[in-house]
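A quick write-up on the structure given underneath.
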Amino acid sequence: MIKQQITEKLEEIIGKYAKEKGIENFVFSVEEPPKNIDADFAVNAAMLLAKRIKSNPRIVAAEIIDLILRDLSGFVDKAEIAGAGFINLHLKNEVLFNELEKILSAKDKYGSKESNNKEKIMVEFVSANPTGPLHIGHGRGAAIGDSLSRVLKHLGYDTTKEYYLNDVGNQMLVLAESVRVRYLQLKGDDIPFPADHYQGDYIKDTAKRLIAEGKNIDEIDFKKEAVKDILATIESDLKDFAVEFDNWFSEGKIAFDKDADGKTEVDKSCEYLLSKGDAYAQDGALWLASTKFGDDKDRVLKRSDGRYTYLASDVAYHKNKFERGFTKLVNLWGADHHGYVARINACVQMLGFSKETLKVILYQLVSLVRNGQPVAMSTRTGEFITLKEVIDEVGKDACRFFFLLRAPDSQLEFDLELAKKQSSENPVFYVQYVNARCNSIFRESKSRTDITENADLSLLNTNEERVLIKKLAAFCDTLSVCEKTMSPHHFTAYLIELADIYHKFYEKCRVLSDDSALTSARLKLIEAVCVIIKNGLDMLGVCAPEKM
RNA sequence: GCGCCCAUAGCUCAAUUGGAUAGAGCGUUUGACUACGAAUCAAAAGGUUAGAGGUUCAACUCCUCUUGGGCGCGCCA
């Protein structure tokens, strides 16, 4: 929270200065300088402002520094010009000690805001068709979506996690038929299984269950039975992955459920678009005029045979989201759906919302490799690696951490053999080890009677301790970067860096020593480390065990 | 053919959205446990950020082109 504080104060001081020079709404940034620079924060305002007012950056910097030293003497020890005109700030140690106190008193609430009423956010993710178990690619979407939601919740946003269930459409008919054929085969009928139907064993499992239940074939709703089993599997796999949804939204609800007038939500949203002139009839079909909002062609909503397309449902679904009061929609889609972004963006604007209301996060697909050979990932052939298999092999924590190590838009190669080996080499253990080490010290410290709760934190004055406290405070900065970029992957990098700093501190500064006052202070410091490590791992949905 | 994404150390990836000498893990080389956990630390090696131009005080980051890879272009979902 230090950086935010300083930034706000600098914005006030420098903003006023810029205004005097005739520049309104001057924007600059406060950054962490590179490691070789001895300073806590770097400000680039002088370079940017000098350009605007056609002056020398170093002259501008000198004037700003005077103002900083005058108005921020409680925070800043030293301010100096460096390089092309950076203003480097050195913080007073008291600022760091105060922040440490804040972490210790706020604990898991550190960096959180009680309520942030700016937005009511829906994060929709996974949303895999209920035609088979989740595969590894869904795992990536699940990890990103769930962690992003955790970050947004921590920041005080009213956040809802939703799974959109595509339980309507052709693939459902194929699914039902797949189970029916397996059922008949198990009953002894010598009939072939169609090559384009779902091949997986889970289809046979459902068929077996139906036979065991002894129902007459005429009484069986094969679609319903298959979806029931598959959903149970999906839900259980997600639970093992520490992902729980606030809501499961069935496409059937908007496609089949009718109101008093006998209309579905899909009917009504199409009528709405027609009335607004955003949909039109042509060639016997109903079209969405998505080119009006930047799509490269118009799209069919209702086929000439009278059946709605998937898009029609999706329009109604997004309309429904808005009707539920959401002001910000986040959709996580696999990159193979990117062609769909333009039309759904158009649809959001037709519904009267700005383009920015919807944020589609495309995550690149995971390509699987086993023994150097690419593994195909088709649900229909049955040759896929499920999320469950990977969790069973490498563990939930390592798996989530691995997925969150990468930015969503970078392609990711997942080597199954490598993943197995990583059980002791994965960076997640490096981070978790910090918590284990701290707790080991806590256990050891229990036998001491000279420890005081009111430790004098100002004794924490080595360089290692200073660097460590600064990094702890940067937890808040990481939160805001994740918020700004709508991606939680910055937390893995942050935690690895924090762990690195902690392990260095551990080697250099012994916590339990003959010096009671210093021991007490350092125990407080590592208590804060545990708070931040736990909070950070919690953002990722990863555990922080006390023993490993 | 058109469109979207990507290309960074031997490998897998970061880089605070335009900042200073581009960082981690794995792998390689060398060293450190008779005090809190060696799942650790210290040190070394490893880069023309695919290539070429351009914008800028400042470019891995923005623009143009080239090359290479992934994905998408249906009255499928």
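The values are calculated or read from the model by the stated rules, or taken from the named source; none is laboratory data. Note that the coordinates shown come from a computational prediction; the quantities given were computed from them, not determined experimentally. Reconstructed Cβ throughout: ideal geometry from the backbone, glycine too, with neighbour counts over all protein chains shown.
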Only helices (runs of 4 or more DSSP H) wholly contained in region A:1-99 count here; list those with 2 or more residues that are at negative phi and free of Cβ contacts under 8 Å to residues at least 12 places away in the same chain. A:2-20, A:57-71
Among the residues of region A:65-86, write down those that are away from RNA strand B (no atom under 16 Å from the Cβ) and closer than 16 Å to A:Leu49 by Cβ. A:Asp66, A:Leu67
Across region A:51-64, what is the total count of residues that are surrounded by 19 or more Cβ atoms within 10 Å (Cβ to Cβ) and within 8 Å of RNA strand B (Cβ to nearest atom)? 1
Within region A:457-501, restricting attention to residues that are closer than 21 Å to A:Ala517 by Cβ and of a type in the set (Val, Ile, Thr), which residue is farthest from RNA strand B (Cβ to nearest atom)? A:Ile469
In the set A:Val168, A:Val174, which member is farther than 30 Å from A:Thr485 by Cα, part of a loop (DSSP other than H, G, I, E, B) and of a type in the set (Val, Ile, Thr)? A:Val168
Somewhere in region A:509-532, is a residue free of Cβ contacts under 8 Å to residues at least 60 places away in the same chain and small (Gly, Ala, Ser)? yes
Suppose we filter region A:145-160 for residues that are among the charged types (D, E, K, R) and under 21 Å from A:Gln364 (Cα atoms); how many remain? 1
I'm told A:Ser487 meets every condition in (1) modelled with pLDDT of 95 or more; (2) crowded, with 16+ Cβ neighbours inside 10 Å; (3) not in a helix (DSSP H, G or I) except one. Can you identify the failing condition by its number? (1)
Across region A:384-443, which residue is modelled with the lowest pLDDT among those that are farther than 28 Å from A:Val529 by Cα and of a type in the set (S, T, N, Q)? A:Gln411
By residue number, the members of region A:32-49 that are farther than 17 Å from A:Ala474 by Cβ, surrounded by fewer than 19 Cβ atoms within 10 Å (Cβ to Cβ) and more than 6 Å from RNA strand B (Cβ to nearest atom) are A:Asp38
Taking region A:538-548 on its own, how many of its residues are surrounded by fewer than 24 Cβ atoms within 10 Å (Cβ to Cβ) and assigned to a helix (DSSP H, G or I)? 1
Only one of these conditions is not met by A:Ile191: (1) part of a helix (DSSP H, G or I); (2) farther than 18 Å from A:Asn129 by Cα. Which number is it? (1)
Considering only residues that are of a type in the set (Gly, Ala, Ser) and near RNA strand B (Cβ under 9 Å from one of its atoms), look in region A:267-305 and name the one that is nearest to A:Phe353 (Cα to Cα). A:Ala285
Would you check if there is a residue in region A:469-476 being among the aliphatic types (A, V, I, L, M), over 23 Å from the mean Cα position of the chain (by Cα) and surrounded by fewer than 18 Cβ atoms within 10 Å (Cβ to Cβ)? no
Given (1) modelled with pLDDT of 95 or more; (2) touching a Leu at 6+ places or on another chain (Cβ under 6 Å); (3) closer than 30 Å to A:Glu527 by Cβ, index of the condition A:Glu101 fails: (2)
In the set A:Glu464, A:Glu453, the lone residue that is more than 21 Å from the chain's Cα centre (by Cα) and either exposed (fewer than 15 other Cβ atoms within 10 Å of the Cβ) or at pLDDT below 90 (or both) is A:Glu453
Just to check your reading of the model, which residue among A:Asp189, A:Asp167 is without any contact (Cβ under 8 Å) to a residue 12 or more places away in the chain and more than 18 Å from the chain's Cα centre (by Cα)? A:Asp189
Looking only at residues in region A:108-145 that are surrounded by 15 or more Cβ atoms within 10 Å (Cβ to Cβ) and within 23 Å of A:Arg466 (Cα to Cα), which one is farthest from the chain's Cα centre (by Cα)? A:Tyr110
Scan region A:190-212 and give yes if some residue there is surrounded by fewer than 17 Cβ atoms within 10 Å (Cβ to Cβ), under 20 Å from A:Gly139 (Cα atoms) and small (Gly, Ala, Ser), otherwise no. no
Would you confirm, using the coordinates I've provided, whether A:Ala528 is outside any helix (DSSP H, G or I) and either modelled with pLDDT of 95 or more or in contact with a Leu (Cβ under 7 Å, 6 or more places away or on another chain) (or both)? no
